[in-house]
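The values are calculated or read from the model by the stated rules, or taken from the named source; none is laboratory data. Bear in mind the structure is a predicted one, so any value in this text is a computation, not a measurement. Glycine also receives a Cβ, built like all others from the backbone with ideal geometry; neighbour counts cover every protein chain displayed.
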Amino acid sequence: MNKHLRNILQYSFFLGLGIFLAWWSIKDLTAENRSQIRAALTTARYWLIIHVFTILLFSHFVRGLRWRLLIQSLGYNPSITNTFFAVMIGYLTNQAVPRLGEVVKCTMLARYEKIPADKLIGTIILERIIDAITLVIIFGITLVIQPDIYSQLTEAIFNPKKDPNHKAISSSLVLLIVLAIVVVIIVIWMVKKKKNFRDLGALFIRIGKRIWQGISAIRHLQKRKQFIILTVILWTLYLSGGYLGFMALKETNGYGIREAFTVLSAGSIGMIATPGGIGAYAYLLQQTMIVYGLNEGIALAFGWILWLVQTGVIVIGGLISFVAIPFYNKQRNLEKS
């Protein structure tokens, strides 16, 4: 299959999934639920949303600083402003075409800082590995402080309490189905590529080595302590965004750091699942907050508010960066000459 066509089909599938989840999250809302949403939005503390917006924007700035450390380890020293602009332009591009943003931000920075784009791609891969490891740690912390939360979320998603006569799907069955799908995919891959179990084992070993290389690469950073500190700050900002988001609605004001960890875990999966997290982010946050006893309508409103704030940060920040970066560099070149 043509690579371009495959990318279009893949994007269409995940965008369709996002639209489906958006529809699924609102299809059963009752008139009472809609009334509760309107009441919640009417009494919302919108000034707190400004603080969430600021925190999330600053998190992107911190991400730019962290990326710059990786680039400096290659012997280049891009400006902080250009690095931040490139990060925001990459996020904006990802809203339209997933993963293209990573290429765009590398080419954008390469253009203005005269750094080989292929070397920048390597730093992005390392960044993603570190983020994946950090997300696993977040999942682990969430599980430690709330041992039953993931099983409860599985039940909430696959066994909505609609019809008491409806036979529930156990979380164990869901896990078995997921494992069966993974096994089928592996078997299809082995048959199509004419691979055996030795090849499969070698693949897993190769993946494990790449992950370890990503972890051990931090040791070669000249400022690895700064990198680790910036990573902690980055994810703390993400966590703080959800925590402050609770305070925006009076119905969620009583939730705290424990619930914020779950929101961060579920929201991260939602942002990965569909382009820009459309549909998936709000749906997963809705199911998360239902587990914590929030009614369906308010839970949905909370999820959509946080998603809109995050998307607003990317759209506004990305557009400003796209317009500002040529002017900034023109002025910069004039000052050098």
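Observations on the model:
- Filtering the stretch 56-86 to residues that are touching a Leu at 6+ places or on another chain (Cβ under 9 Å) and of a type in the set (Val, Ile, Thr) leaves Val62, Ile71, Ile80, Thr83.
- Residue match in the stretch 272-282 (condition: β-branched (Val, Ile, Thr) and closer than 21 Å to Pro147 by Cβ): no
- Verdict on Val178 being at pLDDT 80 or above, within 23 Å of Gln287 (Cα to Cα), assigned to a helix (DSSP H, G or I) and out of contact with any helix residue (DSSP H, G or I) (no Cβ under 8 Å at 6 or more places or on another chain): no
- Boolean, Ser59 is in a helix (DSSP H, G or I), in contact with a helix residue (DSSP H, G or I) (Cβ under 7 Å, 6 or more places away or on another chain), surrounded by 16 or more Cβ atoms within 10 Å (Cβ to Cβ) and modelled with pLDDT of 65 or more: yes
- For the stretch 67-80, the tally of residues that are within 16 Å of Asp131 (Cβ to Cβ) and either in contact with a Phe, Trp or Tyr (Cβ under 6 Å, 6 or more places away or on another chain) or assigned to a loop (DSSP other than H, G, I, E, B) (or both) stands at 1.
- Residue match in the stretch 197-209 (condition: surrounded by fewer than 16 Cβ atoms within 10 Å (Cβ to Cβ), within 19 Å of the chain's Cα centre (by Cα) and at pLDDT below 85): no
- Any hit, the stretch 247-262, residues being modelled with pLDDT of 85 or more, charged (D, E, K, R) and part of a helix (DSSP H, G or I): yes
- Residue within the stretch 114-123 that is over 17 Å from the mean Cα position of the chain (by Cα), more than 21 Å from Leu74 (Cα to Cα) and of a type in the set (Val, Ile, Thr) present: no
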